[in-house]
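Accompanying notes for the structure given below.
The values are calculated or read from the model by the stated rules, or taken from the named source; none is laboratory data. What you are looking at is a predicted structure, and each value in this text was computed from that prediction instead of being measured. Neighbour counts run over all protein chains shown; Cβ positions are idealised from the backbone, glycine included. Each accessible area value is taken on the protein alone, full model and side chains, heavy atoms only, with ligands, DNA and RNA left out. Shrake-Rupley method; radii C 1.70, N 1.55, O 1.52, S 1.80 Å.
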Amino acid sequence: MSKESYYDMVGRICKKGDDIKDSLTGEKAHLWHMATGISGEVGEVVNAVSHNDLPNLIEELGDICFYSVGFQRSTLIDETVVEKAYFDMQAITPTSEKPLHEYVYDLVVAAANLLDAVKKLCAYNNNSSEALNKVSVMLGEFDLACDVFCREFIPSYNLEELRSQNQEKLTGENGRYKDGYSDEAAKKREDKSD
């Protein structure tokens, strides 16, 4: 009897996409979209930091604001839990300075924890209140990590200014979505060369 290949084993036990799709609701798909967006934008933030590109860093942090607010607009998210997690983590977060790369690390880990909590909610079809609470807690912790990161990396950090710049980029006179969302506009991405 030959041992099953790793490739075959993964194919046998990996949850099939159709099974995941069948258990998704619109709200869960929205959360997954927002968490994936946050993770992708955090990758772009890391790239901007590594290239010392402050204008791009500010743009990518604005994109993170978009996804974070999109997350908070979900009916599955308990805003009081998000706020409590933010302030609980703030109370235990050391105020002493640390090397800048540690702020990047904190942001990446917080985004990964948020995406993992959403994956468990959506892909595992875990509809328990504990799973929903975990997503809200991870969002609060991510928001704090993002806020601390911004204060350390952007000398004149202002959340409203980041949001305003992002809004102009997305819906302003030359904005990608000035006429509303469309898949075509999302694919076009004139502001990036992918």
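Over region 1-128, with the other protein chains present, what is the accessible area per residue in square angstrom, probe 1.4 angstrom? Before the final figure, lay out each step's value.
Values: 7870 Å² over 128 residues.
Roughly 61 Å² per residue, with all protein chains present.
What size of dipole, in debye to the nearest 20, comes out for region 1-146 about its Cα centre when the only charges are +1 on Lys and Arg C-beta atoms and -1 on Asp and Glu C-beta atoms?
Computed charge dipole of region 1-146: roughly 620 debye.
If you consider only alpha-carbon coordinates, what radius of gyration and Dmax does the chain have, in Å?
Calculated on Cα positions, Rg and Dmax stand at 18.6, 67 Å.
Using 7 Å Cα-to-Cβ label points, what is the Asn56/Ala123 separation (nm, one decimal)?
2.8
State the extension gain, in nm to one decimal, for the chain segment bounded by Leu24 and Leu159, taking 0.36 nm per residue of separation less the distance between their alpha-carbons.
Value of the extension gain: 45.3 nm.
Could you check which residue among Asn125, Asn174, Asn113 shows the biggest mean-square fluctuation in a GNM of the chain with a 10 Å Cα cutoff?
Asn174
State the answer as a single residue: which of Phe71, Pro99, Asn133 lies farthest towards the positive end of the charge dipole of region 50-139, with beta carbon charges of +1 for Lys and Arg and -1 for Asp and Glu, about the Cα centre.
Asn133
Over region 60-194, what percent of the accessible surface lies on carbon and sulfur atoms, probe 1.4 Å?
So the carbon and sulfur contribution to the accessible surface is 51 percent.
Can you tally the net charge around Glu41? Count Lys and Arg as +1, Asp and Glu as -1, for every other residue whose Cβ sits under 10 Å from the Cβ of Glu41.
-4
Can you compute the helix-only [θ] at 222 nm over the chain? Use -39500 (n - 2.57) per DSSP H run of at least 4 residues, normalise by all residues, nearest 500 deg cm²/dmol.
-24000 deg cm²/dmol
Which of Gly17, Cys146, Asn166 sits farthest toward the positive end of the charge dipole of the chain, with +1 on the Cβ of Lys and Arg and -1 on the Cβ of Asp and Glu?
Gly17
Using Cα springs under 10 Å in a Gaussian network model of the chain, which residue among Asp147, Asp18, Asp88 shows the largest mean-square fluctuation?
Asp18
Which aspartates and glutamates does Lys84 reach when only Cα atoms under 14 Å apart count, and residues fewer than 8 places away in its own chain are ignored?
Hits, sequence-local ones excluded: Glu141, Asp143.
Looking at region 1-104, what % of the alpha carbon pairs are farther apart than 17 Å? Intermediate values should be presented prior to the final figure.
Numbers: 3820 of 5356 pairs.
Above the 17 Å cut-off, region 1-104 has 71 percent of its Cα pairs.
Whats the longest run of the chain with zero chymotrypsin sites (Phe, Trp or Tyr not before Pro) that are DSSP loop and have at most 16 other Cβ atoms within 10 Å? Intermediate results must be reported in sequence, preceding the final value.
Details: sites that count: Tyr124, Tyr157, Tyr177, Tyr181.
In short, 1-123.
Once R0 is set to 41 Å, what does the formula 1/(1 + (r/R0)^6) return for the Cβ-Cβ distance between Asp183 and Lys3, expressed as a FRET efficiency to the nearest 0.05?
Values: r = 44 Å, r/R0 = 1.08.
Once the sixth-power term is evaluated, E becomes 0.40.
In a shell of Cβ-Cβ distance under 14 Å around Ser50, excluding Ser50 itself, what net charge do Lys and Arg (+1) and Asp and Glu (-1) give?
-3
In the Gaussian network model of the chain, springs joining C-alpha atoms below 10 Å, which of Asp78, Asp116, Asp183 carries the largest mean-square fluctuation?
Result: Asp183 has the largest fluctuation of those listed.
Residue separation times 0.36 nm, minus the C-alpha to C-alpha distance between Val10 and Arg151: what's the value?
Numbers: separation 141, 0.36 × 141 = 50.76 nm, distance 4.26 nm.
Roughly 46.5 nm would be gained on extension.
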